[in-house]
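The values are calculated or read from the model by the stated rules, or taken from the named source; none is laboratory data. Keep in mind it's a predicted model, so treat the numbers as computed, not measured. Because the Cβ atoms are built from the backbone with ideal geometry, glycine has one as well, and the counts that use them run over all protein chains shown. For the accessible areas, the whole protein counts, side chains as well, though only heavy atoms, and no ligand, DNA or RNA atoms are used. Shrake-Rupley method; radii C 1.70, N 1.55, O 1.52, S 1.80 Å.
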Amino acid sequence: MSYIVFFTLLLLITLLGVYVVIENNRKKAREAEKKIFNNRLKEITTHFKQRTAEYVDAKILRPKYAPKINAIVGNFFVVQAHTEANLTQLEVVSELFTRTVGTELGKCRVTGNTELLAEQLQYFVAELPSNGIAYNKDFYYEILPALITLIKTPDVPMNLEIDEEPLEDSAQSDNDNELGEQTKQQMLDARQRLTAS
């Protein structure tokens, strides 16, 4: 009988030891995942802020607007969960913004019209939310990508003749005019908000 009690105690101690080792390994794995997540977030945020500083140095963004643009990455997790999918979305929208502004900066340097890009960025900043709670899922998945498209400048300088372009069919021309009117209205709204603040 004493052998059965001894082996039972030995088995329980062994099971407890295995359980403690497994739990420690799980805890280490969770900590490692959290560390990787935080490092990735820090890398995205640092890259975005460095790009914003470059835009200030290139004089296409006023220094007073840099914190509002940096709020895009700074406020991402204010009302959203710390998940891999959300971090991926932050990476996508921050890359979309920096790539779009970089492309437009290159285009404006070729055309010699960096003031137009500076103005577009000014309107972009005017459209950004003023409180942290507005930086929600809808903003990052729908509103921000639409705002980023408004940064784009024309491919040809504004002073070139329109007659040089080939004639388009009237349906395409009407569609372009409608899109142009919407963009003009959004620009006017942004300009009014900018002058009001």
Tell me yes or no: at least one residue of segment 151-167 is part of a helix (DSSP H, G or I), polar (S, T, N, Q), open to solvent by less than 100 Å² (accessible area, probe 1.4 Å) and modelled with pLDDT of 55 or more.
no
If I go through segment 1-56 residue by residue, how many of them are of a type in the set (S, T, N, Q), open to solvent by 80 Å² or more (accessible area, probe 1.4 Å) and within 30 Å of residue 119 (Cβ to Cβ)?
1
Boolean, residue 119 is among the charged types (D, E, K, R), open to solvent by 50 Å² or more (accessible area, probe 1.4 Å) and over 14 Å from the mean Cα position of the chain (by Cα):
yes
Scanning segment 90-134 residue by residue, the ones that are touching a Leu at 6+ places or on another chain (Cβ under 9 Å) and outside any helix (DSSP H, G or I) total 1
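Residues checked against (1) among the small types (Gly, Ala, Ser); (2) within 23 Å of residue 124 (Cβ to Cβ); (3) at pLDDT below 90:
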position	(1), (2), (3)
27	no, no, no
37	no, no, no
43	no, no, no
46	no, yes, no
54	no, yes, no
57	no, yes, no
69	no, yes, no
80	no, yes, yes
Restricting to segment 69-112, give me the number of residues that are touching a Ser or Thr at 6+ places or on another chain (Cβ under 8 Å) and hydrophobic (A, V, I, L, M, F, W, C).
5
Basic (Lys, Arg) and at pLDDT below 90, is that true of residue 107?
yes
Note on segment 64-89: residues of a type in the set (Gly, Ala, Ser) and either part of a loop (DSSP other than H, G, I, E, B) or open to solvent by 30 Å² or more (accessible area, probe 1.4 Å) (or both) are 74, 81, 85
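Yes or no, residue by residue, for (1) within 16 Å of residue 62 (Cβ to Cβ); (2) open to solvent by less than 50 Å² (accessible area, probe 1.4 Å); (3) touching a strand residue (DSSP E or B) at 6+ places or on another chain (Cβ under 9 Å); (4) at pLDDT below 90:
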{"residue": "112", "(1), (2), (3), (4)": "no, no, no, yes"}
{"residue": "128", "(1), (2), (3), (4)": "yes, yes, no, no"}
{"residue": "140", "(1), (2), (3), (4)": "no, yes, no, no"}
{"residue": "144", "(1), (2), (3), (4)": "no, yes, no, no"}
